[in-house]
Every structure is written in structure tokens, then in C-alpha cells.
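The values are calculated or read from the model by the stated rules, or taken from the named source; none is laboratory data. These numbers were taken from a predicted model, which means no experiment stands behind them. In this analysis, Cβ positions are derived from the backbone assuming ideal geometry, glycine residues included, and neighbour counts consider all displayed protein chains. With ligands, DNA and RNA removed, areas are computed over all heavy atoms of the protein, side chains included. Shrake-Rupley method; radii C 1.70, N 1.55, O 1.52, S 1.80 Å.
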Amino acid sequence: FEQEELTSRLRGMALGGKPPMPGKRRKSESSQEDVPALTQPEAAVVDDSNLSGKAASSVLKEAFRVYSLEADSGNVKAQRYLGMCYQHGDGVPRNPTEAVKWFQKAADGGDKKAQFFLGAAFETGEGVEADMYRAMEWYMAAAAQGHLPSITAMGVCFCNGVGTAPNHEEAVRCYRQAAERGFAGAQRNLGACYAAGKGVQKDMVQAVYWWEEASRRGDEVAQFNLALCLELGQGTKKNMEDAVRWYWKSAKQENKEAAAALKRIRASGFVPGGSANSANNSTTKKKPFVTSR
């Protein structure tokens, strides 16, 4: 395959899209501290996964009551939790506008996660009129407190030129800052920058390195990209068994492209051996370029 064909098949190359608002994590996301734009939402404020029916409803309503009392007294964390309750209808009818109101209060009080959620609201236009400039302002406020999802969201804004002038070099700087601290969404996007040569010299070995880092943290898009590179021998040695294992991990998270790749490989007659768990073995050895902090 030529490089142009490879990059056309990789996922997430545009590095854009709208961030999700707070919601429940998938299992593979449990290691992430919080959620950047373009990746996964923060865990629900109450874990009702082992409850059902009236029991779950009762727990959520009580949580909402407690958060309301604490929020009214000025507790910024409770204000953020209350906004999350309104955002996805936990213990109260869903109301994105009311969610934004409480995110705003918590953000004004300096809560970095609320600042990120407020930035996401301005980016998506859910509960408030869309305004990318204000979204960027709130991402920057949270990023100044070291919030990795917001640092990554800033990178997306710089990459796409939304809320700020396009600047791929600055996007790479943001992605690298969060990627080196272990944030999967930033690692996936940094890999995409290396693959596309955006803001940095094109380097498929570095792309594979960062996609493997993100893959180990459960990023299904990075897992698909890593599998494709292993299948084609781009940036790493060709290894069909490892490719199948990473496609399998990605498909398990309902990645349609990965599921289609597995179907195509099965149709070709290839039968992998060993356990899917051997995908935990190292695929690449090249160290990343480490920047000064």
C-alpha cells in the first residue's frame, strides 16, 4: 500500500469533531482521569450499574437532593455534579440548559472539570448557544490547571482552527504535553499528527508508538490504527496475528471498521493462533521524542 492509501484508511485523521458531554464511561475507559473532547465522557456521578428499577431511581433522586443542597451552599464540586445530573437526567428530568447553568457556577468557582464541561457545551451548542471562542477560553482556563482533557481539546481547536487561528505546531505541543502524561486521547491524536505530517515531520514509527500507547489505555480508534499498521507493515514489522488481536480489541468496543477488517481477514482464510491477550506484548520499541516540561 502507498502512504496516501494508508492515511486514507486510518481513522481520526481529521482530528476534529464535537466533544461529548458528561455521561457514563465504557469499561475500557476506566483508567482515564476524565474525558477530553473527541473521546469519552466522565463517569456518572452515581454508580447505579448494580441497581435496577425503583432502587436505582431512588438512589439517583437522593443523590440529586444532596447535590442540590450542597450546590446551593456554594460547594463547587456539588455544583458540577448537579450539572451532570441535569445533563443526563439522573434523579431529575434531563435539562441541558440547567446543566450549563450549574457548570457555569462551578467553572466560575475554579472547578477545572466544570470548566471543561462548559467548554464542551459551548462547542456543541447543547444547553447554550454554540460559541467556539468561549469554548476555547474555558478549555484554556482548565488547561492552565493541568487538566489533560482540556489540554487535548485545545490541541483539537488549534488543529482545526476553531476558536483560534489554525496552528498545527501548537496542536502538536498540546497533544504531546498531555500524551507524555499518559492521556489516551492526546496520544491517539499525536499519532495521527505524525502519520499525516501535520505540525511535525511525518514519521510512521512515531505514529505507531503513540497509537500503541493509546491502545494500551483502551482507545478503540488507536487500536484500529495500530492494527492496520501491523497488517500493512507501516511504521512497524508486519504481524498479522498482532493485527488481528488489536482489531479484535477495537471491535469489542463496537468499532465498525475493526469489525469489518476482522470479517475481511477471516474471509481471506487467515486463522490466527494464540490468545488475544498476547496483544499486551510490545509492538514497537522506538522511544518518543520527549520535550522539556
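Collect the residues in segment 182-197 that are open to solvent by 10 Å² or more (accessible area, probe 1.4 Å) and either over 14 Å from the mean Cα position of the chain (by Cα) or of a type in the set (A, V, I, L, M, F, W, C) (or both), keeping them in residue-number order. Once the filter is applied, which keeps residues that are open to solvent by 10 Å² or more (accessible area, probe 1.4 Å) and either over 14 Å from the mean Cα position of the chain (by Cα) or of a type in the set (A, V, I, L, M, F, W, C) (or both), segment 182-197 yields A196, G197. Scanning segment 125-136 for residues that are crowded, with 17+ Cβ neighbours inside 10 Å and either over 19 Å from Q87 (Cα atoms) or modelled with pLDDT under 95 (or both) yields a count of 3. Assess whether A207 counts as being touching a Phe, Trp or Tyr at 6+ places or on another chain (Cβ under 6 Å), under 23 Å from V172 (Cα atoms) and buried (at least 24 other Cβ atoms within 10 Å of the Cβ). So A207 passes the test. Within segment 93-143, being among the charged types (D, E, K, R), in a helix (DSSP H, G or I) and under 22 Å from the mean Cα position of the chain (by Cα) holds for K112, K113, E123, R134, E137. Restricting Q201, Q234 to residues that are among the polar types (S, T, N, Q), surrounded by fewer than 19 Cβ atoms within 10 Å (Cβ to Cβ) and farther than 22 Å from M136 by Cα narrows the list to Q201. The set of residues from segment 97-124 being touching a residue at least 40 places away in the same chain (Cβ under 8 Å) and open to solvent by 30 Å² or more (accessible area, probe 1.4 Å) comprises K113, T124.
Scanning segment 75-92 for residues that are part of a helix (DSSP H, G or I) and open to solvent by less than 20 Å² (accessible area, probe 1.4 Å) yields A78, Q79, R80, L82, G83, M84, C85, Q87. What do you reckon, is R11 over 24 Å from E137 (Cβ atoms) and either in contact with a Phe, Trp or Tyr (Cβ under 6 Å, 6 or more places away or on another chain) or modelled with pLDDT of 90 or more (or both)? When the stated conditions are applied, R11 passes them.
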